[in-house]
Amino acid sequence: MRQKPEIIISLLFILIFQVSGKGQCKVEETAFKAGEKLTYEVSYNWSFVWVSAGKVIFETDTITVNNTRFFDFKGIGKSYSFYDWFYKVRDNFSSIADKKTLLPVESHRNTSEGNYKVNNSYLFDYDKNKVISSTQNSKNPLTIDTLDLEPCTFDLLSAVYYTRTLNFSDKNPGYKVPVRFTIDGEFYEIVVKYLGKEIAKDRGGKQYNCIKFSADLVAGTIFKEGKKILVWVTNDRNKIPIMVEASIMVGSVKAYLSAYQGLKYELSSQIK
């Protein structure tokens, strides 16, 4: 596969992946509900100085399509105005997913990162194992294609929410699983490794009992080939990412949970 550009919001999406084996799409219990909203502050480090660069917001809702209720997921990434001169980011992702399986039926990406712009749409048909993709970016004209769809293939947003439903209580450190997702009309598979349990802090300094993972980076315009990303997820029924960390071409990036609302369960992992 050829390399693709990555972005601040994609950083969070990919970091949040925990495990998702092919053919293992059963959802026993969701870790979220309509009305949940998670906000993250993204910080950039260059020459040992940390700068607050932007924020990412994940929102969960429901929507009715042809008399059927679906989850309506949204992800929004935005660099702060004082950081726009360096690298302006305006990212919008959306995904409509089945409430039982969390498999996507429709997804959209409309992003602007520096001088690079993307406008992509997908229609998923798991009965026919096909996905109709409409992809366009600053380097390539509009392309409409029908692609083969393997079982348990998600878009970025639905994959984030799907992995939050999985139970890792019986896994040992070192456990590895491939994760398959589609973006920009192509399919990717990265290897995720469970590292064990640790305590992590959110943006306000509150501590949480967490599960820690690493994942291989998909090389692109800001990610380094051969590097890994780290994620700390609350060790409770909500499975909220508390902190993520990765190296980029120049410097490194961290994202911290800064606010939350509408959680489905008590945040029992918080250390008081």
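The table for this structure:
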{"item": "Residue 272 vs. criteria on the phi < 0 side of the Ramachandran plot and modelled with pLDDT under 95", "result": "yes"}
{"item": "Residue list for the range 91-110, restricted to those being farther than 14 Å from residue 131 by Cβ, at pLDDT 90 or above and of a type in the set (Lys, Arg)", "result": "99"}
{"item": "Boolean, residue 103 is of a type outside the set (Lys, Arg), touching a strand residue (DSSP E or B) at 6+ places or on another chain (Cβ under 7 Å) and without any contact (Cβ under 8 Å) to a residue 60 or more places away in the chain", "result": "no"}
{"item": "Residues that are more than 18 Å from residue 92 (Cβ to Cβ) and touching a Leu at 6+ places or on another chain (Cβ under 6 Å), drawn from the range 127-164", "result": "129, 130, 131, 132, 162"}
{"item": "Of all residues in the range 33-72 being within 18 Å of residue 93 (Cα to Cα) and aromatic (Phe, Trp, Tyr), the one that is surrounded by the most Cβ atoms within 10 Å (Cβ to Cβ)", "result": "40"}
{"item": "Residue count, the range 134-163 (criterion: more than 19 Å from the chain's Cα centre (by Cα) and either within 30 Å of residue 85 (Cα to Cα) or surrounded by 21 or more Cβ atoms within 10 Å (Cβ to Cβ) (or both))", "result": "8"}
{"item": "Selection status of residue 89, aliphatic (A, V, I, L, M), more than 20 Å from residue 159 (Cβ to Cβ), over 14 Å from the mean Cα position of the chain (by Cα) and exposed (fewer than 13 other Cβ atoms within 10 Å of the Cβ)", "result": "no"}
{"item": "For residue 83: the one exception among (1) out of contact with any Gly (no Cβ under 7 Å at 6 or more places or on another chain); (2) surrounded by 15 or more Cβ atoms within 10 Å (Cβ to Cβ); (3) not in a strand (DSSP E or B)", "result": "(1)"}
{"item": "Test: residue in the range 116-135 that is closer than 30 Å to residue 260 by Cβ, of a type in the set (Asp, Glu) and in a strand (DSSP E or B)", "result": "no"}
{"item": "Those residues of the range 173-192 which are under 16 Å from the mean Cα position of the chain (by Cα) and either over 30 Å from residue 119 (Cβ atoms) or assigned to a strand (DSSP E or B) (or both), in sequence order", "result": "178, 179, 180, 181, 182, 183, 187, 188, 189, 190, 191, 192"}
{"item": "The range 228-266 - residue that is among the hydroxyl-bearing types (Ser, Thr, Tyr), assigned to a strand (DSSP E or B) and at pLDDT 90 or above and, of those, nearest to residue 193 (Cα to Cα)", "result": "234"}
{"item": "Matching residues in the range 136-172 - criterion: being more than 28 Å from residue 263 (Cα to Cα), assigned to a loop (DSSP other than H, G, I, E, B) and not charged (D, E, K, R)", "result": "136, 138, 140, 141, 142, 149, 151"}
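The values are calculated or read from the model by the stated rules, or taken from the named source; none is laboratory data. Remember, predicted model here, so these are calculated numbers, not experimental data. Positions of Cβ are backbone-derived with ideal geometry, glycine not excepted, and every protein chain shown enters the neighbour counts.
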